[in-house]
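Engineer: Shown below is the structure under consideration.
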Amino acid sequence: MHSEYPIGVFDSGVGGLSVLREIHQLLPNEDLIYVADSAHAPYGDKPKEFILERSTAIVEFFLSHGVKAIVVACNTATAAAVKELRSLYHLPMVAMEPAVKPASEQSQTGVIGVLATSRTINSNNFRILFARFAEQVNIIPQACPGLVDQVEIGELGGPETRELVAQYVEPLLKQNADVLVLGCTHYPFLKPVIQEIAGANVKVIDSGAAIARRLHSLLNHHGLLSDAGRLGSVRFYTSADNGKANGVISALWGCPVETEKMVETLQDGENLRAIRLPG
């Protein structure tokens, strides 16, 4: 493994661009490969087995491109698949965790709300996180069906999006939450609407910057930080129609980009559990 190899970052769709942005800002010399699995988004309502198979297929795609590290920029994929992925693939891998720790430190009321997908909220990872901070703060989880879909089509501030955000945020405010944790990488793109509905006295935080710092630390530990004296490249892949993806990803990234079609290295119909998983 070489320090000039790229880093793979993936999400169920375009939400992980919020994490990619933080990584690119902190590690500007690194070459990055991003995969939006938008043909199968959202992951939040899919079975664990399906999410594991998609995550495995994407990791195999990254390996075919010679990555030196992988960032699972998806809370749902982290909850459903990262344990198995780490047992299978022995390279640096960073996964998501809702920003409950900083939220607990910043809350004045002792009540924080966590906006996330149903899969994330019902995961063992979240239960462990909940238990770790349960004595310090009252954590109120709020599943948010439909928000990922709105980001996937680039509807960040329209009436339907605002109505959904209000539906999920207002019950948390009524329970005296003064910090809202964005527990899905799609949700930072809705932060202006969430903040407006929550009000200026409520803090809205996510994990993107912390994930970028964790990646920096891990690469440094393994001697894999790029020392190239140039700006790193960023390549965007999608499993969906890349003609449609160009517009949404360009809008979220902040400049025009050309996406490429993700060509999977595993054959359709292969039994990934039989091939990749132990036992």
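Engineer: Any idea which of Leu252, Leu266 is modelled with pLDDT under 95 and either surrounded by 14 or more Cβ atoms within 10 Å (Cβ to Cβ) or in contact with a Cys (Cβ under 6 Å, 6 or more places away or on another chain) (or both)?
Structural biologist: Leu266
Engineer: Could we say that Val234 is surrounded by fewer than 22 Cβ atoms within 10 Å (Cβ to Cβ), under 20 Å from the mean Cα position of the chain (by Cα) and farther than 18 Å from Val111 by Cα here?
Structural biologist: The answer is yes for Val234.
Engineer: Return a yes/no flag: does the range 193-204 have any residue that is touching a residue at least 40 places away in the same chain (Cβ under 8 Å) and part of a helix (DSSP H, G or I).
Structural biologist: yes
Engineer: So, one more: Would you call Glu53 charged (D, E, K, R) and within 12 Å of the chain's Cα centre (by Cα)?
Structural biologist: no
Engineer: Among what's in the range 30-76 and is part of a loop (DSSP other than H, G, I, E, B) and of a type in the set (Lys, Arg), pick the residue that is nearest to Gly154 (Cα to Cα).
Structural biologist: Lys46
Engineer: Then there's this: Check Ser104 against each of (1) over 19 Å from the mean Cα position of the chain (by Cα); (2) in a strand (DSSP E or B); (3) within 25 Å of Leu218 (Cβ to Cβ) and name the one condition it does not meet.
Structural biologist: (2)
Engineer: Which pairs have Cβ atoms under 6 Å, sit 6 or more apart or on different chains, and link a residue in the range 44-68 that is farther than 18 Å from Ala95 by Cβ to one that is of a type in the set (Phe, Trp, Tyr) and surrounded by fewer than 21 Cβ atoms within 10 Å (Cβ to Cβ)?
Structural biologist: Gly66/Tyr5
Engineer: Could you list, in sequence order, the residues of the range 234-258 that are in a loop (DSSP other than H, G, I, E, B) and under 20 Å from Val148 (Cα atoms)?
Structural biologist: Result: Ser239, Ala240, Asp241, Gly254.
Engineer: Residues in the range 169-186: is at least one over 23 Å from the mean Cα position of the chain (by Cα), farther than 19 Å from Gln108 by Cα and part of a helix (DSSP H, G or I)?
Structural biologist: No: zero hits.
Engineer: Filter the range 217-227 for residues that are loosely packed, with under 13 Cβ neighbours inside 10 Å, on the phi < 0 side of the Ramachandran plot and part of a loop (DSSP other than H, G, I, E, B) and give the result.
Structural biologist: Of everything in the range 217-227, just one residue is loosely packed, with under 13 Cβ neighbours inside 10 Å, on the phi < 0 side of the Ramachandran plot and part of a loop (DSSP other than H, G, I, E, B), namely Asp227.
Engineer: Within the range 126-168, track down each residue that is assigned to a helix (DSSP H, G or I) and over 30 Å from Lys83 (Cα atoms).
Structural biologist: Scanning the range 126-168 gives Pro159, Glu160, Thr161, Arg162, Glu163, Leu164, Val165, Ala166, Gln167.
Engineer: Out of the residues in the range 113-139 meeting the condition of being aliphatic (A, V, I, L, M) and surrounded by fewer than 16 Cβ atoms within 10 Å (Cβ to Cβ), tell me which one is modelled with the lowest pLDDT.
Structural biologist: The extreme case among them is Ala134.
Engineer: Among the candidates Ala73, Ala57, Ala80, which residue alone is under 13 Å from Phe10 (Cα atoms), among the aliphatic types (A, V, I, L, M) and either out of contact with any strand residue (DSSP E or B) (no Cβ under 6 Å at 6 or more places or on another chain) or assigned by TED's automatic domain parsing to the domain that holds Gln142 (or both)?
Structural biologist: The conditions single out Ala57.
Engineer: Kindly indicate whether Ala116 is of a type in the set (A, V, I, L, M) and either free of Cβ contacts under 8 Å to residues at least 24 places away in the same chain or assigned by TED's automatic domain parsing to the domain that holds His221 (or both).
Structural biologist: So Ala116 does not fit the description; no.
Engineer: Tell me, which residue of the range 48-101 that is touching a Pro at 6+ places or on another chain (Cβ under 9 Å) and hydroxyl-bearing (Ser, Thr, Tyr) is surrounded by the fewest Cβ atoms within 10 Å (Cβ to Cβ)?
Structural biologist: This residue is Ser87.
The values are calculated or read from the model by the stated rules, or taken from the named source; none is laboratory data. Treat the numbers as computed from the prediction; the structure is a model and nothing was measured. We place every Cβ from the backbone using ideal geometry, glycine too, and count neighbours over all the protein chains shown.
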